[in-house]
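Everything below concerns the one structure shown next.
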Amino acid sequence: MVKDADILLVDESVPDSLAFADQWPDKTVLSFRWVHQAVKHGRYFGAEDDWGGYLVRGRPFDSSDTKYVL
């Protein structure tokens, strides 16, 4: 569920996706392209990496507290 997520992925070229993201101001919102780059490079791009340049908007999120699997 969205309320439990720390990160939301959106297609920022779709206006409705940004309106959806605006309903969750406490979430980090990234372009869906972030996932493609992480898989392509075989690594996680977190806040310490400036989200790989894919931050659409959102609060800083300390990714060191969470485990990720690619």
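The values are calculated or read from the model by the stated rules, or taken from the named source; none is laboratory data. Everything numeric here is computed off the predicted structure, so don't read it as measured data. Methodologically, a virtual Cβ is constructed for each residue, glycine included, from the backbone with ideal geometry; neighbour enumeration extends over all protein chains shown. Remember, those area values only see protein heavy atoms, side chains included, never the ligands or the DNA or RNA. Shrake-Rupley method; radii C 1.70, N 1.55, O 1.52, S 1.80 Å.
Descriptive notes on the structure:
- Selection status of Arg59, on the phi < 0 side of the Ramachandran plot, assigned to a loop (DSSP other than H, G, I, E, B) and at pLDDT 90 or above: no
- Selection count where residues are out of contact with any Phe, Trp or Tyr (no Cβ under 9 Å at 6 or more places or on another chain) and either open to solvent by 60 Å² or more (accessible area, probe 1.4 Å) or in a loop (DSSP other than H, G, I, E, B) (or both), scope the range 15-48: 16
- Pairing residues of the range 22-36 that are under 12 Å from Glu12 (Cβ atoms) with residues that are modelled with pLDDT under 85 and surrounded by 14 or more Cβ atoms within 10 Å (Cβ to Cβ), at Cβ distances under 6 Å and at least 6 apart in sequence or on separate chains, gives Val29/Ala21; Val29/Arg57; Val29/Gly58; Ser31/Glu12.
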